[in-house]
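A.B. asks: First the structure, which I've put down as structure tokens, then a few questions once you've had a look.
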Amino acid sequence: MKKIKQIYEGKAKKLFTTENEDIYIQEFKDDATAFDATKRGTIHGKGVVNNKISTKLFQLLEKEGVPTHFIEMLNDRDMAVKRVEIVPLEVTMRNIVAGGMAKLLGLEEGIILDEPVYEYHYKEDSLHDPLINNSHIKALKLATDEELNTIKELSYKVNDALKEFFSQKNLDLVDFKLEFGRCKGKIILADEISPDTCRLWEKGSKRKMDKDRFRRDLGNIEETYQEVLKIVLD
């Protein structure tokens with residue numbers, strides 16, 4: 001399988017067409033951004049780590065009945081994926097108060113939530129991905145009621161599976177972001193699942209094992225990403 005034409009470049013990935021119109025190649029980059037890309041940098045080896053972790057977690061979720069765009073890992077940085085039309089929503093699932101929720105509501109980080117908090121953000125960089133609700137989504141015609149029901153059902157299924165997986169690895173899944181796409185009329189999970197898109201804390205110590213190390217200048221960024229990769233693959 002070969003890359004034919006680059007059709008997209010985002011903050012962390014590039015997307016290429018292939019000889020098969022239904023299959024794209026997703027290339028993971030080492031570029032790192034935070035705070036609406038006002039902070040930029042490079043985390044050496046991040047693309048390789050995120051490709052391998054995403055591969056493992058997509059395979060896990062497929063076994064749990066979650067349809068994804070994943071086809072196969074082609075090499076250290078490239079993943080073959082199904083062609084999808086991305087729904088312009090980011091879903092955030094929160095199990096522990098941190099990050100945006102702590103800032104928005106004036107809460108202390110680390111509060112364990114009685115049940116997951118489920119959020120939608122409008123995927124629009126120029127507007128800084130604002131928090132929106134179902135009424136906004138309907139007004140903007142971003143997704144149908146049926147699609148939203150499927151997205152919500154799959155998001156909770158992903159949360160249950162990943163919380164259990166990471167708990168067995170001595171990690172708390174604090175929160176994470178998901179993106180979904182339309183593939184031949186069906187909603188499926190897309191994008192990636194990695195330390196870029198998940199907050200992971202070491203149980204007990206609450207040591208941050210994700211992109212917060214870059215956001216907050218905590219150091220040992222590359223080493224931590226490699227540590228998470230080893231934990232996930234063990």
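A.B. asks: So for the range 15-143, averaging the separation of alpha carbon pairs under 8 Å that are six or more residues apart and normalising by length, what relative contact order in percent results? Could the numbers behind the result be given before it?
C.D. replies: Numbers: 179 pairs, mean separation 23.0, N = 129.
With pairs under 8 Å counted, the relative contact order is 18 percent.
A.B. asks: Still on this structure, please answer the following. Would you indicate which of [x] 74, 36, 27; [y] 54, 45, 31; [z] 48, 41, 37 is the value of Cα extents along the principal axes in Å derived from the coordinates of this structure?
C.D. replies: After the calculation, the listed value that fits is [z].
A.B. asks: Moving on. Quick check: net charge around Thr42, other residues with Cβ under 11 Å of its Cβ, Lys/Arg +1 and Asp/Glu -1?
C.D. replies: On the way: positive: Lys29, Arg40, Lys46; negative: Asp30, Asp31, Glu222.
It works out to a net charge of 0.
A.B. asks: Can you pull out the GluC sites (Glu not before Pro) in the range 61-106 whose DSSP state is coil and whose Cβ has at most 16 other Cβ atoms within 10 Å?
C.D. replies: On the way: sites: Glu62, Glu64, Glu72, Glu85, Glu90; in loops: Glu64.
Taking the range 61-106 and a limit of 16 other Cβ atoms within 10 Å, the loop GluC sites (Glu not before Pro) found are Glu64.
A.B. asks: Using just the helices of the chain, give the 222 nm mean residue ellipticity in deg cm²/dmol: DSSP H runs with n ≥ 4 each add -39,500 (n - 2.57), and the total is spread over all residues, rounded to 500. Spell out each step's value before the answer.
C.D. replies: Numbers: 6 runs with 73 residues, N = 234.
Calculated mean residue ellipticity at 222 nm is -9500 deg cm²/dmol.
A.B. asks: Suppose every Lys and Arg Cβ carries +1 and every Asp and Glu Cβ carries -1, with no other charges. What dipole size does the range 6-82 come out with about its Cα centre, to the nearest 20 debye? If you can, show how the numbers build up before the last one.
C.D. replies: Details: 12 positive and 13 negative charges, 89 e Å.
Dipole size: approximately 420 debye.
A.B. asks: A follow-up question, please. Using a cut-off of 10 Å between beta-carbons, work out the net charge of the residues near Glu9 (Lys and Arg +1, Asp and Glu -1, Glu9 not included). Working shown, then result.
C.D. replies: Numbers: positive: Lys11, Lys13, Lys14, Lys29; negative: Glu27, Asp31.
Taking every other residue near Glu9 into account, the sum is +2.
A.B. asks: How big is the range 99-234 on each of its three principal axes, counting only the C-alpha atoms and giving the largest first in Å?
C.D. replies: Per principal axis, max minus min of the Cα coordinates gives 43, 34, 31 Å.
A.B. asks: Using the count of nearby Cβ atoms within 10 Å as a rough guide to exposure, how do Met73, Met101 rank from fewest to most?
C.D. replies: Values: Met73 17, Met101 20.
Ascending number of Cβ neighbours within 10 Å: Met73, Met101.
A.B. asks: Oh, and also: Round to a whole angstrom and tell me the spacing of the C-alpha centers of the range 134-186 and the range 98-133.
C.D. replies: Centre-to-centre (Cα) distance: 14 Å.
A.B. asks: Specify whether the C-alpha gyration tensor of the range 23-84 places it in the rounded, prolate or oblate class, a ≥ b ≥ c being the square roots of the eigenvalues: rounded for a/c under 1.5, otherwise prolate if a/b is larger than b/c and oblate if not. Working shown, then result.
C.D. replies: Numbers: a/c = 2.05, a/b = 1.85, b/c = 1.11.
It is prolate, given that a/c is not under 1.5 and a/b is the larger ratio.
A.B. asks: I would also like to ask the following. Scan around Ala32 for amide H atoms under 5 Å from its own, H built in the peptide plane at 1.01 Å from N, and keep only partners 5 or more places away or cross-chain.
C.D. replies: Under 5 Å from the amide H of Ala32: Gly41, Thr42, Ile43.
A.B. asks: Can you give the longest run of the chain that contains no trypsin sites (Lys or Arg not before Pro) sitting in a DSSP loop with at most 10 other Cβ atoms inside 10 Å? Don't jump to the answer; show the numbers that get you there.
C.D. replies: Numbers: sites that count: Lys2, Lys5, Lys141, Lys184, Arg216.
Here the longest run is 6-140.
A.B. asks: With +1 on each Lys and Arg Cβ and -1 on each Asp and Glu Cβ, how big is the dipole of the chain about its Cα centre, in debye rounded to the nearest 20?
C.D. replies: Details: 39 positive and 43 negative charges, 75 e Å.
It works out to roughly 360 debye.
A.B. asks: Please list 3J(HN,Hα) in residue order for the range 170-177, calculated via the Karplus relation 6.51 cos²θ - 1.76 cosθ + 1.60 where θ = phi - 60°; whole Hz, with x for glycine and proline.
C.D. replies: Here the 3J(HN,Hα) series is 6, 10, 9, 7, 6, 7, 6, 10 Hz.
Just so you know, all these numbers are worked out from the coordinates, no wet-lab data involved. Only a predicted model underlies this, so the values are computations on that prediction, with no experimental measurement involved. Glycine gets a Cβ as well: all are built from the backbone with ideal geometry, and neighbour counts include every protein chain shown.
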